[in-house]
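Everything on this sheet refers to the single structure shown next.
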Amino acid sequence: MHTITLIPGDGIGPEITRAVQDIFAAAQVPVQWEEQNAGQTTFDQSGELLPQALFDSLEKNRVALKGPITTPVGKGFRSINVSLRQKYDLYQNLRPAKTTEGIASRYSGIDIVLFRENTEGLYAGLELWDEHHGIGDSIARVSVAGARKICRAAFAYAAKHGRKKVTLAHKANILKVPGKIMLDAAAEAAREFPHIQYEDKIIDNMCMQLVTKPEQFDVIVTTNLFGDILSDLCAGLVGGLGVVSGANIGDDMAIFEAVHGSAPDIAGRGIANPTALLRSALLMLEHLGEKEAATRIENALNETLRNKEQCTGDLGGSASTQQFAQNVINNLK
């Protein structure tokens with residue numbers, strides 16, 4: 001039995017986490033949930049964004065499933081997601097993007113896994129405000145150690161999962177120092193895994209290539225901000241943020257999460273699509289070694305997605321969140 005810290009989050013978070021819990025219970029997955037919340041809802045209730053009880057739970061269980069958490073834009077507190085990634089050195093942001101039968105997309109045959117460095121870059125929080133001159137500076141920190149860890153993680157994943165190619169996305173033509181650090185780290189990892197094809201592309205060309213011929217890419221590795229942008233771009237290639245999974249992985253802890261927002265405009269209406277969080281939960285099961293259970297639920301999910309009438313409104317159906325979960329449960333059988 002695996003004890004998992006469950007962070008429902010804000011907005012639609014509690015609704016989609018409940019759907020995942022129901023599906024796991026029906027599939028008799030050997031997990032038990034330890035619920036601890038964070039974010040705006042928790043702050044409104046207790047005055048704490050990140051309660052100590054959450055830290056205690058994470059440090060005991062080492063694995064968590066997290067719903068979306070609201071982050072204010074341009075004001076207020078910094079991202080809870082970034083805070084957790086940095087506190088526990090969850091340096092790998094893993095974002096698969098794969099076309100699925102039944103989910104509308106302009107493309108076919110896409111199967112990309114993106115590795116985004118998750119703790120450094122422009123998300124390091126190194127910001128300066130010169131009020132007198134009206135100048136704001138954000139420093140993009142890239143360390144040799146951080147670059148080596150994320151590049152090696154991408155190549156190791158490719159080797160473990162039978163992937164053939166790793167592409168580094170960078171801007172070394174302009175950002176000379178951080179660009180060279182990433183190029184050197186990727187070249188070092190490529191020498192360790194010589195059977196994996198390696199290439200590098202400048203980020204602007206990378207974006208163009210992704211929307212003109214995305215099937216050429218396999219595993220992509222890049223820095224924090226570029227990874228944030230590319231991961232959403234890749235999600236758009238396969239149906240949107242509502243259908244892709246995400247994981248934040250360190251050496252001894254992992255937090256799996258829905259990568260979309262908290263969607264407060266539809267919260268409480270029972271129409272949210274739980275696919276993204278469910279797929280993230282399936283990544284979690286693979287991480288825990290529960291591959292059989294993950295495959296069984298994935299097959300039931302894919303069967304549901306193939307039948308539009310069984311899906312939520314964003315996928316062209318009319319099912320509620322709980323009806324969608326029940327349809328997945330029915331397809332387990």
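Bear in mind these aren't lab numbers, they're just calculated from the coordinates by the rules spelled out. The structure displayed is predicted, hence computed values, not measured ones. Cβ sites come from the backbone with ideal geometry, for glycine too, and all protein chains shown count toward neighbours.
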Considering Cα pairs under 8 angstrom that are at least six residues apart, work out the relative contact order of region 223-333 and quote it in whole percent. 20 percent
Cα centroids of region 166-196 and region 27-54: how far apart, whole angstrom? 38 Å
Length added when fully stretched, Gln216-Leu183, from 0.36 nm per residue minus Cα-Cα: 9.8 nm
Relative contact order, percent, the chain [alpha-carbon distance under 8 Å, six or more residues apart]: 22 percent
Between Asn307 and Lys164, the FRET efficiency computed from the C-beta separation at R0 = 41 Å comes out, to the nearest 0.05, as 0.80
I need to check one value: relative contact order of region 1-143, counting alpha carbon pairs closer than 8 Å and at least 6 residues apart, in percent. 20 percent
Diffing region 253-263: the Karplus 3J(HN,Hα) column from phi (6.51, -1.76, 1.60, θ = phi - 60°), in whole Hz with x for Gly and Pro, holds 8, 9, 10, 9, 8, 6, 8, 7, x, 7, 6
Can you list the HN-Hα couplings for region 320-330, worked out from phi with the Karplus curve (6.51, -1.76, 1.60; θ = phi - 60°), rounded to whole Hz and with x for Gly and Pro? 6, 4, 6, 5, 4, 4, 5, 5, 4, 4, 4
Two pseudo-spin positions, 7 Å from Cα along C-beta at Asp232 and at His195, lie apart in nanometres by 3.8 nm
Only helices counted: for the chain, with every DSSP H run of 4 or more residues adding -39500 (n - 2.57) and the sum spread over all residues, [θ] at 222 nm is -13000 deg cm²/dmol
Dividing the alpha-carbon Rg of region 1-111 by 2.2 N^0.38 Å yields what? 1.23
Which chymotrypsin sites (Phe, Trp or Tyr not before Pro) in region 203-289 sit in a loop by DSSP (not H, G, I, E or B) and have at most 16 other Cβ atoms within 10 Å of their own Cβ? none
How much length would be gained if the chain were fully extended between Thr295 and Asp251, taking 0.36 nm per residue of separation minus their Cα-Cα distance, in nm to one decimal? 13.4 nm
Pairs Lys66/Lys87; Lys180/Lys201; Lys171/Lys213; Lys165/Lys213: which are spaced more than 18 Å apart, C-alpha to C-alpha? Lys171/Lys213
Debye, to nearest 20: dipole size of region 237-333, +1 on Lys, Arg Cβ, -1 on Asp, Glu Cβ: 400 debye
Using R₀ = 30 Å, calculate the FRET efficiency as 1/(1 + (r/R₀)^6) where r is the Cβ-Cβ separation of Asn205 and Gln322; round to 0.05. 0.10
Computed from the beta carbon distance with a Förster radius of 30 Å, FRET efficiency for Ser83 and His132 to the nearest 0.05 stands at 0.50
Could you identify which residue out of Gly47, Gly239, Gly261 has the top mean-square fluctuation in a GNM of the chain using Cα springs shorter than 10 Å? Gly47
Kindly provide the pair-distance distribution of region 187-257 built from C-alpha pairs, with 5 Å bins from 0 and whole-percent values in order of increasing distance. 3, 12, 21, 22, 20, 16, 5, 1
